[in-house]
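Okay, so here's the structure we're looking at.
The values are calculated or read from the model by the stated rules, or taken from the named source; none is laboratory data. Computed from a predicted model, the values in this text were never measured in an experiment. Cβ placement follows ideal geometry from the backbone for every residue including glycine, while neighbour counts extend to all protein chains displayed. Ligands, DNA and RNA are stripped out before the accessible areas are found, and what is left, the full protein with its side chains, is counted by its heavy atoms. Shrake-Rupley method; radii C 1.70, N 1.55, O 1.52, S 1.80 Å.
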Amino acid sequence: MDKILRINMGPNGEPSYTTEPIGDFAGLGGRGLTSAIIAKEVPPTCHALGEENKLVIAPGLLGGTTGAMSGRVSVGCKSPLTGGIKEANSGGQPAQMIGRLGYAAIVLEGKPAEDKLYKIRISTEGVEIAADPELKMKGNYDVVERMKKEYGDKIACVSIGQAGEMKLASSTVAFTDMEQRPARHAARGGVGAVMGSKGVKVIVIDDTGASMRSPKDPEKFKAANRAFVDGLKKHPVTGEGLPAYGTNVLTNVVNEAGGYPTYNFKTGRFKGAAAISGENQAEIMKARGGQPTHGCHRGCVIRCSGIWHDKDGHYLTKQPEYETVWAHGGNCGIDDLDVIAMLDRLDDDYGIDTIEIGATIGVAMEAGLAEFGDGQAAINLVKEVGKGTPLGRILGSGAAVTGKVFGIERVPVVKNQAMPAYDPRAVQGMGVTYATSTMGADHTAGYSVTANILGVGGSVDPLAPAGQVELSRNLQYATAAIDSTGMCLFIAFAVLDQPETFQALIDMINAFHGLELTADDVTALGKKVTKIERDFNEKAGFTNKDDRLPDYFKKEALAPHNVTFAVTDEDLDTVFADL
Amino acid sequence: METTAEINRVDIEMAPGSTGIFSMLSGYGFFIEAPAGISVNALLQKKLGLDAGYIEKHIQTILHDGKPVDDIDGWKIKEDSTIALSAALPGLFGAAFRRGGKFAALRPREMPAESGRHPENDAITITVKLFNLSARELGPQLLQNGIQMSAETFLSLWKNILKLDRGKSLNVLLNGNKIDPHTLAESIRPVNVLLSVLTH
Ligand code: SF4
């Protein structure tokens, strides 16, 4: 992984590619690498769909190794949704295969002069780029089937659906999973639209003949990997809760805590929560012959995902995760897991972000386009997006655009990106992260809770008034660091509670690369990545006024606890005062 | 609590190994009677039969009327309130609502739970909700002894159980008489249900 593959899609001449050494970007992976390349090479004020924007696909530092949990991939660009820098993260098989082919990143640059659609194959033999008009307006599932017919079943695909081709701001980049299904997505911020603007429909990765990357110190790497896996297995979140129920284990409890955004963030509890909970979901999957415990890529030992079968016992989609179940479920008043699974399948096929489109349908329901709770109406609205009707294009442009078009005030977005499944009035620290994240409203930006272990920014007094601000900042740094390793963020729970598991992670990176990183170096990396991203956004025109939640969160009390968002603007402005 | 005359008694017999119902109990509240002024810890140990070690290790989040409880000994439970128990949870939410309050600052500032005032009567009724692993682990014993829940809650739980098509493999008795699982819902009268589940 010491080279970068640059694919220039035009406009001068036919698409071409070059391979170059990683150079100045050495030591970076995942989000660290995508953000560094975007910040250095993309003018912050450029149009996100213009030729100056780039789409960077980067495995983590341990991509393509035998390291557990190391197969996540980062997709970076200037976002057409937020107008700021973007890193969207996904599971799936391509990261491992790109790593084994020796690439630290694939960078799509330029833009074709003509309206052509391309497929790209990357293998040990090199790179082939060919126009394929047959793929036009095909869904991700169809595209992958065609690629399998053409290139065999050892491949992995990175593709866009109709939404990406239409350059809609909620569009995703799909990554195939272990079963070669395009069910894993770099979903947030409209990254699919940027791939669509480059005229690239699919990148086929074929690592036949490539070998596993080998560590500098194999024995030490093996021992550290073992200790890391043991740590994950013995922790109650990563060893029990997530494998048994997936992230949807949160539905019941967030709902009970009154923080489950319901009916487009009108109230904090949903009567139908138990019916769509992870516990119920797991039982349905078992009864129908699906799989409630499954990894999104080979090498995952937590396995928070699963396989959802329809009522007839046939595969429909992967197990919809917590945010998806919420976005299409409680947020729209829908309490039927079969409807939610169908919406997830359509989202994956068209290539749309489940959070963004779920929030958008919530706004559309508030506007009277459908009744809250009407599952068939929700399915029909998503189908409008796939068909590319004028209404579908509005919905596919996200919650903020839809709110404007239909004159709705209650639109749950920050920097135009829809909020995920935790009401910031009930989890105020989450609200701080939504407001100040470089990515727009994003739960994963502060998902990692490793602050005290990583020691970023000193120790935190949770009872101090500034506690939420300080914690949110530290968590955002820690998350940026983990995203840069290419590890799944869910390792954070074990790392938080078990210092030896955190050490094992650092030992793995050191043994593999022959480095001597310390915990301080890792946290410094998280801080550096955050600074790069904030600088980019500032140059793109963002100010502290963009680090705010919509006003109604301060004014409308959320039932059942009747809380409003109480963190002041002045406090929000201090979150990144140290950068 | 209702008198026996207002209770529908539902007994379910199911094949060994079908543990699904216990998991599906997650999120559906059932009633427990307890002495007024009982602490959260005493409720868990004396009424739900959990030992201190289990509570420490496995009950990581406790919500009292939706508000997180940290001090399980000092915390007194109010009449007609709801106690919810969960195993360890992922994410920022899991960290913020975890017992012990290490990340409590992430909760809303004005959200500390109100401790219960002692009511005048001697016994109070509390709704208990078990979530995730706690439902799977504690459900079998509780359901074997029988739990009482509102008819409304039971009917929505029953709808989910039937959705799995488990009706075929379940032997169901209503007030001691065998009944077709698919007609059970129509025969449930308002107020409460005493539900017990036995595996053979
Ligand atoms: S824990 Fe879940 S999200 Fe993370 S790598 Fe495993 S299956 Fe994927």
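Interface of A with B. Using a 1.4 Å probe and counting protein heavy atoms only, the two chains hide about 4200 Å² of accessible surface, both sides summed. Residues A:Glu125, A:Glu134, A:Glu240, ordered by accessible area of protein heavy atoms at a 1.4 angstrom probe radius and largest first, appear as A:Glu125, A:Glu134, A:Glu240. Mind giving me the FRET efficiency for A:Lys234 and A:Lys383? R0 is 60 Å, r the Cβ-Cβ distance, nearest 0.05 is fine. Result of the calculation: an efficiency of 0.85. Heavy atoms of the protein chains alone define the surface here; on that basis segment A:258-382 has 27 Å² accessible area per residue at 1.4 Å probe size. What is the mean number of Cβ atoms from other protein chains located within 10 Å of the Cβ atom of each residue in peptide A:423-431, rounded to a whole number? Across the residues of A:423-431, the mean count of other-chain Cβ atoms within 10 Å is 5. The Cα center of segment A:14-85 and the Cα center of segment B:39-65 differ in position by 48 Å. Quick check: Cα centre of segment A:298-339 to Cα centre of segment A:141-199, how many Å? After rounding, the separation between the Cα centres reads 19 Å.
Per-residue extension of 0.36 nm, minus the Cα-Cα distance of B:Leu198 and B:Asp70, leaves a gain of 42.6 nm for this segment. Counting only protein heavy atoms and using a 1.4 Å probe, the accessible area of A:Thr18 comes to about 80 Å².
Inter-chain Cβ neighbour count for A:270-278, averaged per residue, equals 4 (cutoff 10 Å, partner chain atoms only).
Among the residues of B:57-64, the average count of other protein chain beta-carbon atoms within 10 Å of the residue beta-carbon is 2. Exceedance of the 19 Å cut-off in Cα-Cα distance is limited, within the set A:Lys3/A:Lys116; A:Lys233/A:Lys286; A:Lys78/A:Lys387; A:Lys138/A:Lys198; A:Lys86/A:Lys415; A:Lys54/A:Lys198, to A:Lys3/A:Lys116; A:Lys233/A:Lys286; A:Lys78/A:Lys387.
For the pair segment A:388-427 and segment A:230-268, the centres of their Cα atoms are 24 angstrom apart. Computed extension length for A:Met212-A:Ala287: 23.2 nm, one decimal, from 0.36 nm per residue of separation with the Cα-Cα distance subtracted.
Is any residue of segment A:188-210 close enough, with backbone N under 20 Å, to a label point placed 7 angstrom from the Cα of A:Glu125 along the Cα-Cβ axis, and if so, which? So the set is A:202-210. Between the amide H of B:Asn8 and those of B:Asn192, B:Val193, B:Leu194, distances stay under 5 Å, these residues lying 5 or more places away or on another chain, with hydrogens modeled in the peptide plane. Taking all protein chains into account, the per residue accessible area for segment A:3-206 stands at 28 Å² (1.4 Å probe). What the phi angles of segment A:60-68 give under the Karplus curve with 6.51, -1.76 and 1.60, with θ = phi - 60°, is a coupling list of x, 4, 10, x, x, 10, 8, x, 5 Hz, glycine and proline written as x.
Solvent-accessible surface of protein heavy atoms, probed at 1.4 angstrom with all chains present, puts A:His294, B:His182, B:His58 in the order B:His182, B:His58, A:His294, largest first. Residues of segment A:196-235 with an amide N closer than 17 Å to a point placed 7 Å from the Cα of A:Lys136 along the Cα-to-Cβ direction: A:196-202.
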